[in-house]
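The values are calculated or read from the model by the stated rules, or taken from the named source; none is laboratory data. Here the structure is a predicted model, which is why all the values come from computation and not from measurement. All Cβ positions, even for glycine, are placed from backbone atoms using ideal geometry, and neighbour counts span all protein chains on display.
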Amino acid sequence: MIENIRKYTGLMVVVLVLLFVGLVFLDGGVSKAFNGKPVMEVGNQSISEKEFNRQRALMQLPSVLPTAIEIPENSRLLAKHYLGETFMEGPIPKTPSFIVQIMAEYLQPSLAEPERFIANRINIQKGGIEFGVTPSNDEVENFVETVLFTDTDGNFDQEAYTNFTKSRLSNIGGIPGFNNYIRDLLTAQNLSKVLGGGISTEKDTERELFDVQKQEISGSKITLESGVYEGRVKPTEEEIRTYYEENKQNYNSDELRKITYVSIEPDWDKALEKSKEAKAKAEAEEAERLKKAEEAKKKAEEAARKANEATNTAEEPKPAEETAEPQAETIAPKETPPNESGVGAEKSIETETSNSPATDGAQGDPGESGEPAPTPAPSNATDRILESKATQDDPALGEIGKDLNEALKDSLSNEKSLNPLEPTPAPIKPVTEETPATPKTAKEELNGAEKQEAVEALSSSIEEFYQKLADNEGEDFEAIAKDSNYEIKKSEFFSKADPPKELSAVIDSLQIGKISDAAFELPENGDSDEKLSDPYRTSDGWFLIRLDEVEDSLPLAYEAAKVQVTVDLKKKMARKQMVKEANDLYAELTKKIKAGKSFADAAKELDKEVTEVTGLAEGQTFNFGQRSQKLPDPPEFVATQYTNPGEISPIYFSPTEEEATEAQIIFVEKRELAKKDEFETDFGKLYESTTNSIRFVALSNWLYDRYETSGVISPKREGQQ
């Protein structure tokens, strides 16, 4: 064999050279030969199918970045440099995932247009070089470490970054692909400042609009509701049938879909055990830390005590000669000679009693003149009886004493009758056995962060499973799932409005909605891999679905649709009647007010109820820590904010005049500007926010223009020739 190779060495060299030349000149270069046949072109740059799929996978990257914690303040300083201070202080979650989603809006306005995303990236890269605003490698790495992967203290979270790069970047080009994506996002922000830097709004106009938004309005209103009119209208059979014929395209059965899917949840028992071990370890470390801190404290106290003793010993003065203090001379109290009647002796005894410790307190307190407090009343019924007995013959008491004595006897008699020797037994309460609480499952014992960590730990195995399916072009879904020890489940036909309970979990970080909604995103006609969804993460695990069958929506016959047709027709007739009456009422009220009547009197003449409205203002803003949320402006405020006092605002139909369920006619009596402490600060934020919006529009228009002039050739869709 070796001898044959040596014999034809020259021929083999010639063949290899010709093959190389053919690859270069016949198929667009060596890169195309290794990357595959191009499926898309942007300008003179070709995109292979492999690269196209990698770029499409990259569009999902913002949703898989950390979402659990908000970045700390020092990380926000860097984010503000690119996004603006107003944006970072606005009512948004300051998580790495959400920040990147906002930045990516320039590049990927829609997940359904990967070709626009790819073209935008290429044009952003060219624009960064053209305007000299492409960030350096150090800037990119600093943004990744400071903003995207930072802990609560603002330090780089190496562990989170390593786990992310290992589990998430395999299909997007690894760390270089990730860094290039972040570089393009930062370049886009820099370009927006350059392209929108010379554009601004008129500040005085912005101030006037701001003042309008900050006013408070008072007045009166009349409200009409379409529901009241629905009870008055009664369409005939002919009207119902005519309405059906005119709108039959709106009455169809629901489209039904059937799917095969895998639902992958963590081993919750293992997750709980891991959580308990982590908590026990943390508690042990905390106990050890406290123990060491206590020992260090004792050592410091002992050292301080010894140092203090040494200082006191060195500075202690010699003891001075003791001198006897003169003792105070004790003067004996003067004796008070008793008088003939013994009054002095009795008074002396009383004085000693009042000053003795035994009588101190409430009963021994002296009066205002130092006299002893009066003798307390007897403490029980027997004492009261004896005292009454001793004094009943006292002539000083007279008839009052006798009456008191008789009342006391009656009281004792009644007390005896009400309290017999044998007390009445208390009623026996029925014993109710408490139903023991159902023990929590391992999944229920875990908190939100622990569940999320357990779900996230599955990401590498899910990625591996999905890669096997992709390599097999979506074929053998059941066999590959079985090899991966995942249970295959099949659904019955279901509609988007009424999905099965097991498919009602909400997908994290995406705007798709529920798992069942994702089934309706898949194309009805397509290859096996196109009917396969991406792995979707929920709060409890992962889903991956395959579309199996579709039952198309079909037109409903008149009888099947009649109930809904009747409801819709009544609503339409009620709206029409309400709108007509509102317009007629508005004209009559305006005429009467111009004639000099008040709004209340004019409404009374037209038999309409008036409701007072006060303090109409914009929607409240609620602060939640570092976030805030503004409620929508009330409809009454929207209707009246441009109406002068003494006039009726234009009729406000909610939600629109064509679909109105309510009509409001509001008379404005007073409007005044409500200035608060943060008034000027809020205006500054609004002006900066408007400037940022202009930047966004400027860059978006620039990208659309570049897309049109780049000669983009998109991949062929199904059905295209």
Next item on the list: Show the residue pairs that are 6+ apart or on different chains and have beta-carbon atoms under 7 Å apart, the first residue being within segment 459-479 and assigned by TED's automatic domain parsing to the domain that holds Ile545, the second being of a type in the set (S, T, N, Q) and part of a helix (DSSP H, G or I).
Entry: Ser459/Ser167; Ser460/Ser167; Glu463/Ser167
Margin query: Of all residues being in a strand (DSSP E or B) and among the aliphatic types (A, V, I, L, M) in segment 27-56, which is modelled with the lowest pLDDT? Just the residue, please.
Written below: Val39
Next item on the list: Have a look at Ile118, Ile99 and point out the one that is within 18 Å of Leu61 (Cα to Cα), touching a strand residue (DSSP E or B) at 6+ places or on another chain (Cβ under 7 Å) and either in contact (Cβ under 8 Å) with a residue 12 or more places away in the chain or surrounded by fewer than 17 Cβ atoms within 10 Å (Cβ to Cβ) (or both).
Entry: Ile118
Item checked: Within segment 188-258, helices (runs of 4 or more DSSP H) holding 1 or more residues that are at pLDDT 90 or above and of a type outside the set (Ser, Thr, Tyr) -> 226-230, 237-247
Notebook entry, point to check: Does Lys572 satisfy being within 19 Å of Val228 (Cα to Cα), not in a helix (DSSP H, G or I) and not β-branched (Val, Ile, Thr)?
Noted result: no
Check: For segment 57-69, which residues satisfy the criterion of being farther than 19 Å from Glu141 by Cα and either outside any helix (DSSP H, G or I) or assigned by TED's automatic domain parsing to the domain that holds Asp508 (or both)?
Finding: Met59, Gln60, Thr67, Ala68, Ile69
Item checked: Test: Asp529 is under 30 Å from Val100 (Cβ atoms), exposed (fewer than 12 other Cβ atoms within 10 Å of the Cβ) and more than 34 Å from the chain's Cα centre (by Cα) -> no
Checklist line | Check on Arg537, of a type outside the set (A, V, I, L, M, F, W, C) and closer than 30 Å to Glu444 by Cα | finding: yes
Notebook entry, point to check: When both residues are 6+ apart or on different chains and their Cβ atoms are under 8 Å apart, which pairs have a first residue that lies in segment 126-140 and is outside any loop (DSSP other than H, G, I, E, B), and a second that is surrounded by 11 or more Cβ atoms within 10 Å (Cβ to Cβ) and aromatic (Phe, Trp, Tyr)?
Noted result: Gly127/Trp702
Check: Which condition does Lys630 not pass, out of (1) of a type in the set (Lys, Arg); (2) within 22 Å of Gly227 (Cα to Cα); (3) in contact with an Asp or Glu (Cβ under 9 Å, 6 or more places away or on another chain), if it passes all the others?
Finding: (2)
Margin query: Tell me whether segment 94-107 contains one or more residues that are in a loop (DSSP other than H, G, I, E, B) and closer than 22 Å to Ser170 by Cβ.
Written below: yes
Margin query: Need pairs with beta-carbon distance below 8 Å; first residue in the same structural domain as Ile71 (by TED's automatic domain parsing) and within segment 149-167, second polar (S, T, N, Q) and buried (at least 17 other Cβ atoms within 10 Å of the Cβ); sequence gap 6+ or separate chains.
Written below: Thr150/Ser75; Gly154/Ser75; Gly154/Thr146; Phe156/Thr146; Phe156/Thr150; Asp157/Thr150; Ser167/Ser459
Note to self: Under 6 Å between Cβ atoms, which residue pairs at least 6 apart in sequence (or on different chains) link something in segment 514-529 that is assigned to a helix (DSSP H, G or I) with a partner that is polar (S, T, N, Q)?
What the structure shows: Ala518/Ser533
Notebook entry, point to check: For segment 492-508, what are the residues that are within 23 Å of Gln452 (Cβ to Cβ) and surrounded by fewer than 17 Cβ atoms within 10 Å (Cβ to Cβ)?
Noted result: Lys501, Glu502, Ser504, Val506, Asp508
Checklist line | Check on Ile512, among the β-branched types (Val, Ile, Thr), closer than 21 Å to Val262 by Cβ and modelled with pLDDT under 90 | finding: yes
Item checked: Spans of strands (runs of 3 or more DSSP E) in segment 612-721 with at least 1 residues at pLDDT 85 or above and surrounded by 13 or more Cβ atoms within 10 Å (Cβ to Cβ) -> 652-654, 662-673
Notebook entry, point to check: Just a yes or no: is a residue in segment 530-545 over 29 Å from Thr165 (Cα atoms) and either at pLDDT below 90 or outside any loop (DSSP other than H, G, I, E, B) (or both)?
Noted result: no
Next item on the list: Quickly run through segment 585-611 and pick out the residues that are under 29 Å from Gln213 (Cα atoms), in a loop (DSSP other than H, G, I, E, B) and in contact (Cβ under 8 Å) with a residue 12 or more places away in the chain.
Entry: Glu609, Val610
Next item on the list: Output the residue which, of all residues in segment 123-174 that are aromatic (Phe, Trp, Tyr) and within 19 Å of Pro66 (Cβ to Cβ), is nearest to the chain's Cα centre (by Cα).
Entry: Phe149
Checklist line | Matching residues in segment 170-181 - criterion: being surrounded by 20 or more Cβ atoms within 10 Å (Cβ to Cβ) and either of a type in the set (Gly, Ala, Ser) or farther than 15 Å from Phe117 by Cβ (or both) | finding: Phe178
Item checked: Checklist (1) assigned by TED's automatic domain parsing to the domain that holds Ala519; (2) assigned to a strand (DSSP E or B) applied to Pro266, failing item -> (2)
Checklist line | Failed item, numbered, when Glu559 is tested on (1) in contact (Cβ under 8 Å) with a residue 60 or more places away in the chain; (2) under 30 Å from Tyr243 (Cα atoms) | finding: (1)
Next item on the list: Pull up segment 236-294, narrow it to residues that are in contact with a Phe, Trp or Tyr (Cβ under 7 Å, 6 or more places away or on another chain) and either within 30 Å of Leu532 (Cβ to Cβ) or among the acidic types (Asp, Glu) (or both), then point me to the one that is surrounded by the most Cβ atoms within 10 Å (Cβ to Cβ).
Entry: Tyr261
